[in-house]
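Read through the structure below, which is laid out as structure tokens, and then see the notes.
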Amino acid sequence: MTSIRSVLAGVVGATAAVAVATPAQAAVPPPPKPPITMPTADDVPMPYEGQSFCSQTTKPGVADFAKLVSAYYSRPTYGTIRPCLSDVSEHYDGRALDWMLDVNNPADKAIADAVTTWLSAKDAAGNYGSWARRLGIMYIIWNHKTWKSYRDINTWTTYTGSVPHTDHVHFSFAWDGACKRTSWWTGRALTAPNLATCSTTPLVTVDTEFTKLKDVVLALGATGDAVKVAQSNLPGVVVDGDFGPQTLAAVKTFQTTHGLKVTGLVTRAVWNTMEQLQYPLIKYRKTVILKRGATGDAVKAAEWALQLPQDGIFGDVMFRKVKKIQTKYGFTPDGAIGPTTWAALDAELRSRMRMTEAGRELERVIDKAKADYARFVKLSG
């Protein structure tokens, strides 16, 4: 029943922020002071900027905030980056912090409650989340509840994820906070979000993980990293690097589903199909360059990736959106779509696809939990 309750905790409605003071809370020191003088004006609320690429480096604003709170409150255990998987997480691009505090430890809970209240509460001017804004924090999750800078900023709501966050506080940072462009670090209030990353080098490349595998043929009994790449693109297969009977059956199913010759071998045709499924715009990368004024199907494909109406005309609105994407991914913002910009557009599409699938999976988990709970109530009644 523990897992059911943890999921159902996210189905029931919204709730106000953090707990009533306790003796342990009274011992918590006042919040840390910023390193420089703060401006009178607050920073703008941080928008939601979901992870869209893999970057296994903790960003400077996250690293320095982690060092600050862990040292100030004498709670030094925390984590930031994680190996990139197929879901969406700011841990994968270095913009998330998990600070290990246990709700069952009164002293830990008092610290977590105090810090999350400090960051999200209303300041003297009546602005909610003032200190979270100054640090560039996008959202916080703690003890079944979440606070978001970009939605319902004046309250905490019930967290609907499967992990209750009772043994750590999660902080996700917008790029401005992650790159230390907010007032806590600069002394100047941020007046508009900047979606640019911290990197001065491009974050995507023209080649994909499939590029170097096109001449590799895998058969039953094969092992290694190439097998893992294939397995990660075969539904329902354990990614263990061992081409066994389960992988063989999955390869044959994949070939049948996609109209390929059914051999059970992972050949160039299989690699190409897997690549096209993961990178819908791959065919344009080395063959098509688009500039303002261009027309046609390739323009429509780019508009789809940019979430623009697909009229097939490369106009001024599209030009501005392309420049924003180029800035975000560390390219020269010239507004033209060449090989690396196509790769960036594919990264944006993949992020949206992962978020959509994650949402569907959450709905499936919640529906199952509701059904299980209903059966439990019926049996108990």
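The values are calculated or read from the model by the stated rules, or taken from the named source; none is laboratory data. In this text, all values refer to a predicted model and were calculated from it rather than measured experimentally. As a convention, Cβ positions derive from the backbone with ideal geometry for all residues, glycine included, and neighbour counts pool all protein chains shown.
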Quiz item: Residue check: is TRP142 among the aromatic types (Phe, Trp, Tyr) and surrounded by 23 or more Cβ atoms within 10 Å (Cβ to Cβ)?
Solution: yes
Quiz prompt | Candidate set: the stretch 232-250, residues that are modelled with pLDDT of 95 or more and polar (S, T, N, Q); chosen: the one surrounded by the fewest Cβ atoms within 10 Å (Cβ to Cβ) | solution = GLN246
Quiz item: Is it the case that some residue within the stretch 124-133 is under 21 Å from LYS328 (Cβ atoms), outside the structural domain of GLY330 (by TED's automatic domain parsing) and touching a Ser or Thr at 6+ places or on another chain (Cβ under 9 Å)?
Solution: yes
Quiz item: Does at least one position in the stretch 108-120 carry a residue that is at pLDDT 95 or above, of a type in the set (D, E, K, R), in a loop (DSSP other than H, G, I, E, B) and assigned by TED's automatic domain parsing to the domain that holds ARG151?
Solution: no
Quiz prompt | Filtered residues of the stretch 76-122 (kept if basic (Lys, Arg), surrounded by fewer than 20 Cβ atoms within 10 Å (Cβ to Cβ) and either within 21 Å of the chain's Cα centre (by Cα) or within 12 Å of VAL169 (Cα to Cα) (or both)) | solution = ARG82
Practice problem: Would you be able to tell me the number of residues in the stretch 82-102 that are touching a Ser or Thr at 6+ places or on another chain (Cβ under 8 Å) and not in a helix (DSSP H, G or I)? | Solution: 12
Quiz item: Restricting attention to the stretch 157-179, which residues are closer than 28 Å to ALA196 by Cβ and hydroxyl-bearing (Ser, Thr, Tyr)?
Solution: SER172
Self-check item: the stretch 145-158: number of residues that are part of a loop (DSSP other than H, G, I, E, B) and either surrounded by fewer than 20 Cβ atoms within 10 Å (Cβ to Cβ) or not hydroxyl-bearing (Ser, Thr, Tyr) (or both)
Solution: 7
Quiz item: Checking ASP372 against (1) at pLDDT below 95; (2) part of a helix (DSSP H, G or I); (3) surrounded by fewer than 20 Cβ atoms within 10 Å (Cβ to Cβ); (4) within 28 Å of the chain's Cα centre (by Cα), which test does it fail?
Solution: (4)
Practice problem: Could you please let me know if TRP304 is under 30 Å from ASP215 (Cβ atoms), among the aromatic types (Phe, Trp, Tyr) and part of a helix (DSSP H, G or I)? | Solution: no
Quiz prompt | Complete set of residues in the stretch 274-300 that are free of Cβ contacts under 8 Å to residues at least 40 places away in the same chain and either part of a helix (DSSP H, G or I) or under 29 Å from the mean Cα position of the chain (by Cα) (or both) | solution = GLN276, LYS283, ASP297, ALA298, VAL299, LYS300
Exercise. Kindly indicate whether any position in the stretch 38-51 is touching a helix residue (DSSP H, G or I) at 6+ places or on another chain (Cβ under 8 Å), over 22 Å from ALA110 (Cβ atoms) and among the polar types (S, T, N, Q).
Key: yes
Quiz item: In this structure, is THR295 farther than 30 Å from GLY221 by Cβ and of a type in the set (S, T, N, Q)?
Solution: yes
Exercise. Give the residue that is nearest to THR208 (Cα to Cα), with candidates limited to residues of the stretch 36-67 that are out of contact with any Lys or Arg (no Cβ under 6 Å at 6 or more places or on another chain) and among the charged types (D, E, K, R).
Key: GLU49
Quiz prompt | Matching residues in the stretch 123-144 - criterion: being in a strand (DSSP E or B) and within 18 Å of the chain's Cα centre (by Cα) | solution = ILE137, MET138, TYR139, ILE140, ILE141, TRP142
